[in-house]
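Engineer: Sharing a structure here in structure tokens format.
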Amino acid sequence: PHAYAPLAAKTWKYIGGGASASHCGAIDDAGAPYVWGRNERGQLGLGDYKTRGLPTVVESLKNVKCVAIACGKSHTAVVAENGDVYCFGSNKHGQCGDGKLKKQMKKGETEDDKLTPVKALVTNGVSVTCGADFTCVLTKDGEVFTFGMPQHGQLGHGTDHEYNASASSIKIVYEPQPHPRRVTANGFGERKIVKMAAGVNHVVCFDSLGKIWTWGNGGYGRLGHKVQKDEFAPKMVEIQGGDRNLVLADAVIGAGSTSTFVSALQGQMYAWGKLKTTGDNQMYPSPLMDLQGWTLRDFACGNVTFAGCAEKSAVTWGGGAYGELGYGPKGKKSSANPDLVPSLEGKTTRRVAAGNGYTLFLVDKEDAKDLPTFTPGPDQVPPSATGKTKAPPAKGGAAKKAKK
């Protein structure tokens, strides 16, 4: 881990990522949101398609006091202190939640992109989490609203909104859902939800009675219902010990691409789904014994990585092809089991966030003084964002001709 040089002058209260995201966000102590990373669909909300290595304030929200930020594959959602929810980036599946889908594209446009923040049609928000192409908002009243891509039932509306778009052949389409809709099926609407997390295409949350609920893609057992079956509406997860092992209000929760995590009594972490690249799937919640005795302060899932923090330690595990496990240049490149991040030992890590190829740690300012610093390089504009595609390299006779 390196201290991010452009962010060193301020203090920060929130960091955000997502299992599908190649961009990330942070909120300073004044409530202004900053974003950086990939931007091919305008997911940084800065009015363009320019990829940023330098954290940049979202200009139209800098005077809005923000409390939470989350990132999808190509969109971002922000919650303001007054409960308003703002989204930006790709709206191809309605994941920005403003009730609009662009039917007619202007010349040169191929996508429905919101290059600056739009207000989602949901109020009273307190937190937000993003799957690849959908968004989930938790309100101050403990209600859950979802919008975006419904393919695996990850919106929890009781249907995947599938239909055949062709009269003469089979062309399956999943109808985008741009209108935020409350999740209420199977008695879920009667529960007050405390915390939630979205994986790539599934959702996990727990209610004020300490019960866990999941829905969406059931592959690899990531829903914890002992079968690999998609659930189009919330379904309660059975956990060892039943009512004697309830989830407390300050529990941590996470959802990766194929896995799910929730901590229960005594801080014991339970995990299910495809937890490692090899071996069997875990079809129902089982204790993650490597973290026994730990009471985690925060937890996050990237695409293939996991990170947590407790007391004065931080742990990571999973794949680490880009150094996102933080074990150092001579450290191992992957870890099947949770392991300490050496340079953060003895330091207070307040929050963790993760995404596709990165991990963020929010560390107490005093504790971060001896960490090395990182200054990002110049910003880049990906070729795909300009609307022009590069011609493939010539082969055969054409190549010889070009050479001449």
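Engineer: For Lys229, all conditions in the list (1) touching a strand residue (DSSP E or B) at 6+ places or on another chain (Cβ under 9 Å); (2) open to solvent by 10 Å² or more (accessible area, probe 1.4 Å) hold save one; what is the number of the exception?
Structural biologist: Result: Lys229 passes all but (1).
Engineer: How about segment 302-344: which of its residues are among the hydroxyl-bearing types (Ser, Thr, Tyr), in a strand (DSSP E or B) and open to solvent by 20 Å² or more (accessible area, probe 1.4 Å)?
Structural biologist: Within segment 302-344, just Ser334 meets the criteria.
Engineer: Related question: Looking at (1) open to solvent by 50 Å² or more (accessible area, probe 1.4 Å); (2) touching a strand residue (DSSP E or B) at 6+ places or on another chain (Cβ under 7 Å), which one does Gly158 not meet, given that it meets all the others?
Structural biologist: Checking Gly158 against (1) open to solvent by 50 Å² or more (accessible area, probe 1.4 Å); (2) touching a strand residue (DSSP E or B) at 6+ places or on another chain (Cβ under 7 Å), the one that fails is (1).
Engineer: So, Pro342, is that one of a type outside the set (A, V, I, L, M, F, W, C) and modelled with pLDDT of 95 or more or not?
Structural biologist: yes
Engineer: Tally time: how many residues in segment 345-396 are open to solvent by less than 90 Å² (accessible area, probe 1.4 Å), modelled with pLDDT under 50 and either more than 25 Å from Ala21 (Cβ to Cβ) or of a type in the set (D, E, K, R) (or both)?
Structural biologist: Going through segment 345-396 one residue at a time, the tally reaches 3.
Each row is one residue, and each column tells you yes or no for (1) open to solvent by 30 Å² or more (accessible area, probe 1.4 Å); (2) assigned to a strand (DSSP E or B); (3) in contact with a Pro (Cβ under 7 Å, 6 or more places away or on another chain).
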| residue | (1), (2), (3) |
| --- | --- |
| Ala167 | yes, no, no |
| Pro178 | no, yes, no |
| Arg181 | yes, yes, no |
| Met196 | no, yes, no |
| Val204 | no, yes, no |
| Gly210 | no, no, no |
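Engineer: Tally the residues that are touching a Phe, Trp or Tyr at 6+ places or on another chain (Cβ under 6 Å) and of a type in the set (A, V, I, L, M, F, W, C), restricting the search to segment 114-154.
Structural biologist: Here the count works out to 3.
Engineer: Pull out all pairs, ordered by first then second residue, where Cβ-Cβ is under 9 Å, the residues are six or more apart or on different chains, the first lies in segment 299-314 and is among the β-branched types (Val, Ile, Thr), and the second is assigned to a strand (DSSP E or B) and buried (at least 24 other Cβ atoms within 10 Å of the Cβ).
Structural biologist: Every condition considered, the pairs that remain are Val304/Gly318; Thr305/Thr316; Thr305/Gly318; Thr305/Ala354; Thr305/Thr359.
Engineer: Separate question: Give all pairs with beta carbons closer than 6 Å in which a residue from segment 1-14 that is of a type outside the set (Phe, Trp, Tyr) meets a residue that is buried (at least 16 other Cβ atoms within 10 Å of the Cβ) and part of a strand (DSSP E or B); count only pairs at least 6 apart in sequence or on separate chains.
Structural biologist: Pro1/Phe361; Pro6/Pro55; Leu7/Pro55; Lys10/Asp28; Lys13/Ile27
Engineer: For segment 28-44, which positions are among the acidic types (Asp, Glu) and either assigned to a loop (DSSP other than H, G, I, E, B) or in contact with a Gly (Cβ under 6 Å, 6 or more places away or on another chain) (or both)?
Structural biologist: Once the filter is applied, which keeps residues that are among the acidic types (Asp, Glu) and either assigned to a loop (DSSP other than H, G, I, E, B) or in contact with a Gly (Cβ under 6 Å, 6 or more places away or on another chain) (or both), segment 28-44 yields Asp29, Glu40.
Engineer: Could you say whether any residue in segment 240-261 is at pLDDT below 95 and crowded, with 22+ Cβ neighbours inside 10 Å?
Structural biologist: Looking through segment 240-261, none of the residues is at pLDDT below 95 and crowded, with 22+ Cβ neighbours inside 10 Å.
Engineer: Collect the residues in segment 45-98 that are outside any loop (DSSP other than H, G, I, E, B), among the small types (Gly, Ala, Ser) and open to solvent by less than 40 Å² (accessible area, probe 1.4 Å), keeping them in residue-number order.
Structural biologist: Gly53, Ala68, Ala70, Ala77, Ala80, Gly89, Ser90
Engineer: Scan segment 53-106 for residues that are touching a helix residue (DSSP H, G or I) at 6+ places or on another chain (Cβ under 7 Å) and β-branched (Val, Ile, Thr) and jot them down.
Structural biologist: Val78
Engineer: Would you check which residues across segment 148-171 are within 16 Å of Cys136 (Cα to Cα) and aliphatic (A, V, I, L, M) and list them?
Structural biologist: Within segment 148-171, Met149, Leu155 qualify.
The values are calculated or read from the model by the stated rules, or taken from the named source; none is laboratory data. These numbers come from a predicted model, not from an experiment. Methodologically, a virtual Cβ is constructed for each residue, glycine included, from the backbone with ideal geometry; neighbour enumeration extends over all protein chains shown. Remember, those area values only see protein heavy atoms, side chains included, never the ligands or the DNA or RNA. Shrake-Rupley method; radii C 1.70, N 1.55, O 1.52, S 1.80 Å.
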